[in-house]
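The values are calculated or read from the model by the stated rules, or taken from the named source; none is laboratory data. These numbers come from a predicted model, not from an experiment. Cβ atoms come from the backbone with ideal geometry, glycine included; neighbour counts cover every protein chain shown. Heads up: the accessible areas ignore ligands, DNA and RNA and are worked out on the full protein's heavy atoms, side chains in. Shrake-Rupley method; radii C 1.70, N 1.55, O 1.52, S 1.80 Å.
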Amino acid sequence: MLVFSPKSNVFPIPSTPFEAEVMEFCKLWKAGNEWFSFHTSGSTGQPKAIRIHRDQMRHSALLTGEWLGLEAGDRALLCLPIKFIGGVMVVVRALVWDLQLVIIEPSNQPEIPPNIPIRLTSLVPPQLQYILQHDSLLASFQGAKGILVGGAAISVEIENLAMKQDFPIYLTYGMTETVSHIAYRPISLKTDDYLHPLPGVELKLNEEDCLCIRSALTNNQWIETNDLAELKADQGFRILGRKDFIINSGGMKIIPSQVEKHIQAFFIEKGISALSFLAGIPDDFYGQKAVLFIESPNFFDLGDPLKQYLLQHLSSKQIPKSIICLPKFIFNSNGKLDSLKTVALYLQSSSKESHAHD
């Protein structure tokens, strides 16, 4: 762990490669570097390299600080890689608002330092879930101004755990192209199921019902995402799922996230603690069939109980046709579950096994 003020002219000596990487970014920023390079996560298409100007990053940091009421000296926890926008913007907020930066190694099980009050941090869902499941880690956040979670949808379990806390936790929505989050939804004090845009953010849907975003953060250019959304007149919105994750099963279009929330609720009811997701795999009869993937070394024989539970909420065509248990899912280096790679690896290994038995 390292604690320092990145706005200071005196930097401590880094003891890890990650700390050195953070220091190097701070030095480039303080030297007036104008452009910084990142890789997108694929929210607007295939992942690609993108350059972002410091003015856009500064504007994003100012928006967040004004929204949360940040003040000089507040402590911000960094536990995300800074090669991605979510992590680096924690550092930029510290530079812009003169915050104390608390640096720990990125991990889905972050080693939160005791007795250091944290006012701000950005997390991915597995990190937030780990923190919320360990009472010993929660004391550091009791006076927080904003615990921001993003990068992926949150589970029902995370939402239930968050609602038990008395410090503000926000689900955020954004991407590299929007220079971090542009909308938020309180989950510790639940008001509704809609995300609300930050000031100056304009939203619309394209002809495929995918969300489009325009603001000063995007240089006032419209950005089209691959996220299917429901948009209200007051600009509140809900993400229904990724366009490229839709399962077309026998002519029925299934949005995985709409099925997954009920599966998660079933898991909680039955005391099952396991990661899962719904995906389509090739099928001779359906074209694609919906399959429930569960991270477990042992097979889950959920059988009829799961089906009967889901039928209370969904049509029979939305019910997973089968269950596949895998010992480990694949995660990106930014901590996000990579369901596409997980499925691809499963299909590849299944193909090898079938050829081995030919």
| said: With the cut-off at 1.5 for a/c, could you classify segment 238-342 from its C-alpha gyration tensor as rounded, prolate or oblate? | reply: rounded
| note | If one builds a Gaussian network model of the chain from Cα atoms under 10 Å apart, the most fluctuating residue listed among ALA153, ALA72, ALA279 is ALA72
| message | Restricting to DSSP loop positions (anything but H, G, I, E, B) with no more than 16 other Cβ atoms inside 10 Å of their own Cβ, which trypsin sites (Lys or Arg not before Pro) remain in segment 225-269? | response | LYS232
| query | Residues with beta-carbon under 10 Å from that of SER276, excluding SER276: net charge, scoring Lys, Arg +1 and Asp, Glu -1? | reply | -2
| Where a Cα-Cα gap under 19 Å defines reach, which lysines qualify for LYS7, not counting those fewer than 8 residues away within the same chain? | LYS27, LYS30
| Taking Cα pairs under 8 Å and at least six residues apart, what relative contact order does the chain come out at, in percent? | 11
| message | With a 1.4 Å probe and all protein chains kept in place, how do MET163, MET252 rank by accessible area, largest first? | response | MET163, MET252
| In the chain, what % of DSSP beta bridges are antiparallel (nearest 5)? | 70
| Which residue fluctuates the most in the chain, going by a Gaussian network model with Cα springs under 10 Å, if the choices are GLU207, GLU19, GLU177? | GLU207
| task | With Rg/Rh (Cα atoms, Kirkwood Rh) defined as stated, name the option among (i) 1.36; (ii) 0.98; (iii) 0.96 computed from the structure displayed. | result | (ii)
| Roughly what would the spin-label model give for LYS83 and LEU311, points 7 Å off Cα along C-beta, in nm? | 4.9
| note | Restricting to aspartates and glutamates and to Cα separations under 12 Å from LYS48, and discarding same-chain partners fewer than 8 apart, the set is GLU177
| query | How would ASP283, ASP166 line up by accessible area, probe 1.4 Å, largest first? | reply | ASP166, ASP283
| message | If you count only protein heavy atoms and use a 1.4 Å probe, how large is the accessible surface of LYS27, to the nearest 10 Å²? | response | 110
| request: Kindly state, to the nearest 0.05, the FRET efficiency for ALA20 paired with ASP192, given R0 = 41 Å and r defined as their beta-carbon distance. | output: 0.40
| field | Choice from ILE154, ILE268, ILE104 with maximal GNM fluctuation in the chain (Cα, 10 Å cutoff) | value | ILE268
| query | Given LYS253/LYS336; LYS83/LYS261; LYS190/LYS321; LYS204/LYS253, which pairs have Cα atoms separated by over 28 Å? | reply | LYS83/LYS261; LYS190/LYS321
| field | Computed over segment 19-122: relative contact order in percent, which uses C-alpha pairs under 8 Å that are six or more apart | value | 25
| note | Extension length gain for ASP55 and PHE300 (0.36 nm per residue less Cα distance), in nm, is 83.1 nm
| remark: Length-normalised contact order of segment 227-358, Cα under 8 Å, at least 6 apart, in percent, tallies to 18
